[in-house]
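Here the structure comes first, spelled out in structure tokens, and everything after it is commentary.
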Amino acid sequence: MGRFEASPVSVRRTVHERSSGVRIPAPDERGGSSSWRIGGLAGEGIDTAGDLLAKAHVRAGRHVWVTRHFPSRIRGGLTTCTVRVAGHPVAAPSGVVDVLVALHADGADPVKQSLRPGGILLYDESAVTPPDGPTDHEWVALDATGMAKALGEPRARNTIMLGASARILGLDMTVLEDVVVERFGKKRDEGRLSEVAEKNLAALKEGFDGVADVSPPPRPLPPETPRQGDLFLSANEAFAYGALVAGCRFYAGYPITPATTIMEYLAATLPRFGGVCLQVEDEIAAANMAIGAGFTGARAMTATSGPGLSLMAEAMGLAGSTETPVVIVDCMRPGPSTGMPTKTGQEDLSFLLHGGHGEVPHVVLAVEDLASAFTTAIDAFNLAEHYQCAVYVALDLALSMGKGDTPPFDVDGVVLDRGKRFARVGATEGAGAPETGEGYARYRETADAIPLRAVPGDVGGRHYANSTEHDERGYTTEVPATRVAMVDRRNRKLGDIDTLHQGLIFEGDKDAPLGIIAFGSPVPVIREALALARPQGVAGELCVMRRLLPLPRAELDAFFDRHERVLVVEGNSTAQLLSHLRAHCPEAHRAESLLKYDGDPFRVDEVLAAVMRPSEVTA
Amino acid sequence: MTDGHRLPTETGRAFADFKDKAPNWCPGCGDFGVLGAMQRAAAELDLDPDRTVLVTGIGCSGNVTAFFRTYGFHGVHGRALPAATGIKLADPALTVLVAGGDGDGFGIGLGHLVHAARRNLDVTYIVMDNQTYGLTKGQVSPTSAQGFVTKTTPDGSPDAPVDALALSLIAGATYLGVGFSGDIKRLTELIKGAVRHEGFSLVQTMSPCVTFNKTNTFSWYKDRLVDLEAEGHDPTDRAAALHQVTRTDGRIPHGLIFRTERPPLHRAVGVLGGREAAPATEDLEFTLRSRAADLKALRDRFA
Ligand SMILES: Cc1ncc(C[n+]2csc(CCOP(=O)(O)OP(=O)(O)O)c2C)c(N)n1
Ligand code: SF4
Ligand SMILES: [Mg+2]
């Protein structure tokens, strides 16, 4: 079988075969959530409006997931921001909109924007002309342009629409006012509001007063269950924050969607902790710099997306050969080549699993939601230093750019594992005379195959880190026996990773016939689908893969053993995860595959359909 | 530099203290002379082998890491400067030397040269220029003359050579010298000056490949080198330096071409937060506990 043939799985189903065109999920496929979307041109404050509304929901104790959609160009295209609000944690869009706000005519197409029949379309009447005759939707006009002009703040159209939305949605205005004030700031002199904040508060009120109450509201808001200190952020921000906490002190990177926000966060914070964040000439430099920093003993990382990862391929092997800890994050977007820069996908898995030419062990982790983004950052740096290897972390655009709420991260609970360090063990165990370093060998065999790591500055730890195959001291060699010993030791290094790191998270019903395996952004969608399937009499167990390499074999085998039907869900066309499982787990051959590769994240109704409808062979 | 946890080391090192494996270069290779000058300079500067890192790329010249007794990092082809950037920024207390070939530095890695120069990365970069690809057995190199015949350019190289000195000067390098493997004394002085200099130092060294380049031999260079000191060249004069690196008389300037002062990358605003403590030696466990309040305050900005 060629690598790019579809995996010969018993059942291969893509979501695309069923849903041609836009399918609106039924209310019972949406888990009691509702969605609000604002559309306009870049620069019209679309993202700000979405963030403010979402933050107000989070403050009020509801759960949100915010997604942005924008074309791969900065000017001229339609940008939308969608806030999905629910009474339970969510980390995916629902695929349907209840209230659509249009600042520009391009955003006022109810069908393209998935506005549900009967949904409300709030529009700026200077920018949008409603259709003649009857429509399926309730069109609500507001003169946002005129109001903004009158306020002397033409850019406040978004805030005016926000105020109007608050009324339509039945939202508490005081919370919204609070987040607007926080966003636009107070004046330095004690608590007086800045002029922008004043204007935006006025804009909020204008909007609120400009529309009538909607009764009953378009969809009732989920109940408020206030929680303390919940955060509102993207998985990239959660990961970058986790990296800072983990002690990352060196970052080099090159901008690329959707990884850039990691660099932006670290650029703003690392120098305050004595760290370095540099935007450099390309991803080749970025990866080699991070490895150089790792060689000195600093915790170092870089982040990129597919095209940058391709440029880093040679450095991947360098980290392996020199046994240098480094964390490389891949915020996946669809390929090949430049692919779809502002869309999501999980196509880099095979590449990450292989990690450059040649053979050298490394770790591949995955993030599936905001909480795991933080903990995975800690795990990644710990594993990299423990095993002295590269750790790759897979995110995908849906998580990198989506924003949601999560309980505050537990900083006090963070544990650091700095691995076996020569300086820590001391010159005696390193053996030999410290000033000559004769007794120490950087790549010497040990019981657990992990060598004793010295870094420049360690007296007596002097050695030679070598990209060329080497002997235990780092000197280049082509002696067959030495080469074999080196390869064998490196291959054994990760042998006990299952005892150190929990690679799989199991959720749901162990006794159910159905088991689902996934990693990354499909996971929260599957969680919701399983919650919806349960009342309909279908239960299942979800196996979340936080570690894709080395594969947690034993636990996976047990998972296959306890489920009659196993569904593997992933965002690519060739079933890369399933192929990987099939290469290692004897029972994986009977798994079914659910694939999506149109660039959009999985939707709950798509997964639900696959969960509810048993096997139908389509490939 | 605060360097507290490290043990003090001895001083008074000699040439032999910087000898490691015996070189496996072809007998007569120019790189022997360069290695000798590096060892001499290291001894005369009394460099601490435990706090010095020699970073190299791939090539005959790149193999020098194994022959020079300090910490070493033998990275991938063309990427010695990026690796050195990470090393120097993560631990500015280290003395970082970078060495490699003309192909490594001016071909595959040329982009990094320009960026390291403009950043004024505080490393000493010694390029052993033999105007050919030695390790891969004699192909054309970016410094080969137009018309140079090799197996990959049977009709002669169609390309004009890269002028790395001029590029580096324009890009912002703060120390530029040309050395010759046949004049170890002068090369030693150039390297010593480069190591003492805080900023990006390029020492392009003519280092003949006796096996694959029968054109650019020791005597070929000897005939063309002009002693800059004897010419009365003033290395603090940028215009004069530009004149030297763009000479049209077919002669090769020999000696210190340019030197100026400019803050290096690791002292730049925003890098390392102006702090002296190095990321490499930070006690992260201590920071995590002692700065937990700062970390939580950053976290709660998302609330
Ligand atoms: C990415 C990559 N491409 C090609 C090579 C093969 N290669 C090794 S050294 C070299 C050129 C060496 O020439 P130079 O840098 O001038 O060093 P010299 O051997 O002349 O000292 C090449 C092409 C490699 N190792 N890596
Ligand atoms: S091939 Fe040329 S450059 Fe390489 S060692 Fe021999 S003489 Fe030196
Ligand atoms: Mg060469």
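So the values come out like this:
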read-out: Ellipsoid semi-axes in whole angstrom, largest first, where each is sqrt(5λ) of the Cα gyration tensor of the range A:232-406; value: 20, 19, 15
read-out: Cα Rg over Rh - the range A:450-531, Kirkwood; value: 1.26
read-out: The range A:33-55 versus the range B:173-217: alpha-carbon centroid distance in Å; value: 60
read-out: Sites residue A:338 and residue A:553 - FRET efficiency at Förster radius 41 Å, r taken between beta-carbons, to 0.05; value: 0.70
read-out: Computed accessible area, residue A:568, all protein chains, 1.4 angstrom probe, square angstrom; value: 0
read-out: Calculated from backbone phi, Karplus (6.51, -1.76, 1.60) coupling profile of the range A:159-166 in Hz, x at Gly/Pro; value: 5, 4, 5, 5, x, 5, 4, 4
read-out: Isotropically averaged projected area of the range A:301-352, using the convex hull of Cα atoms (one quarter of hull area), nm²; value: 3.5
read-out: Long-range Cα-Cα pairs in the range B:12-86 (distance over 13 Å), rounded percent; value: 65
read-out: Distance between the range A:483-528 and the range B:229-303 - C-alpha centres, whole angstrom; value: 43
read-out: More than 37 angstrom apart: percent of Cα pairs within the protein assembly as shown; value: 52
read-out: Computed [θ] at 222 nm, helices only, for chain A once each DSSP H run of length n ≥ 4 contributes -39500 (n - 2.57); value: -10000 deg cm²/dmol
read-out: Point-charge dipole on Cβ atoms (K/R +1, D/E -1) for the range A:494-618, about Cα centre, debye to 20; value: 60
read-out: For residue B:126, distant residues with modelled amide H under 5 Å away; value: B:98, B:99, B:100, B:203
read-out: ³J(HN,Hα) computed for each position of the range B:21-33 - Karplus, 6.51 cos²θ - 1.76 cosθ + 1.60, integer Hz, glycine/proline x; value: 4, 6, x, 10, 6, 4, x, x, 4, x, 5, 4, x
read-out: For the range B:24-148: accessible area per residue (Å², 1.4 Å); value: 22
read-out: Cβ charges +1 (Lys, Arg) and -1 (Asp, Glu), total dipole of chain A, debye; value: 380
read-out: Interatomic Cα distance distribution for the range A:33-209, bins of 10 angstrom, percent; value: 10, 40, 37, 12, 1, 0
read-out: Alpha carbon Rg of the range B:15-271, scaled by the compact-globule rule 2.2 N^0.38 Å; value: 0.93
read-out: Cβ neighbours within 10 Å from other chains - mean over A:265-277; value: 5
read-out: Accessible area buried at the B-A interface, both sides summed, 1.4 Å probe (Å², nearest 100); value: 5400
read-out: Dipole magnitude (debye, nearest 20) for the range A:232-406, charges at Cβ of Lys, Arg, Asp, Glu; value: 360
read-out: Residue A:97 long-range amide H proximity, modeled H, under 5 Å; value: A:115, A:116
read-out: Of all DSSP beta bridges in chain A, antiparallel share, percent nearest 5; value: 35
read-out: Of all accessible heavy-atom area on the protein assembly as shown, the percent that carbon and sulfur account for (1.4 Å); value: 54
read-out: Compactness of the range B:142-280, expressed as Rg and Dmax over alpha-carbon positions, Å; value: 17.6, 56
read-out: Heavy atoms of residue B:60: accessible area, 1.4 Å probe, square angstrom to 10; value: 40
read-out: Selection from B:217, B:86, B:255 lying farthest towards where the dipole of chain B points positive, charges on Cβ; value: B:86
read-out: Residue A:178 - accessible surface, heavy atoms, 1.4 Å probe, Å² rounded to 10; value: 90
read-out: Alpha-carbon Rg with Dmax, taken over the range A:492-619, Å; value: 14.2, 47
read-out: Chain A - accessible surface per residue (Å², probe 1.4 Å); value: 35
read-out: Complex-versus-alone comparison for the range A:454-488, residues with a loss of 50 Å² or more in accessible area, probe 1.4 Å; value: A:456, A:457, A:459, A:462, A:464, A:475
read-out: Anisotropy class of the range B:85-169 from Cα gyration tensor, a/c 1.5 cut; value: prolate
read-out: Space enclosed by the convex hull of the alpha-carbon atoms of the range B:232-303, per residue, Å³; value: 178
read-out: Rg followed by Dmax, in Å, when the range B:77-125 is reduced to its Cα trace; value: 10.1, 30
read-out: Heavy-atom accessible area ranking, 1.4 Å probe, most first, across B:135, A:577; value: B:135, A:577
read-out: 3J(HN,Hα) from dihedral phi, the range A:148-157, Karplus parametrisation 6.51/-1.76/1.60, rounded to Hz, x for glycine, proline; value: 5, 4, 4, 7, x, 9, x, 7, 8, 4
read-out: Fraction of beta bridges assigned by DSSP in the range B:15-271 that are antiparallel (%, nearest 5); value: 20
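The values are calculated or read from the model by the stated rules, or taken from the named source; none is laboratory data. All figures in this text were calculated on a predicted structure; none of them were measured in a lab. Ideal geometry is used to build each Cβ from the backbone, glycine not excepted, and the neighbour counts take in all protein chains shown. Accessible surface is based on the protein model in full, side chains and every heavy atom, while ligands, DNA and RNA are left aside. Shrake-Rupley method; radii C 1.70, N 1.55, O 1.52, S 1.80 Å.
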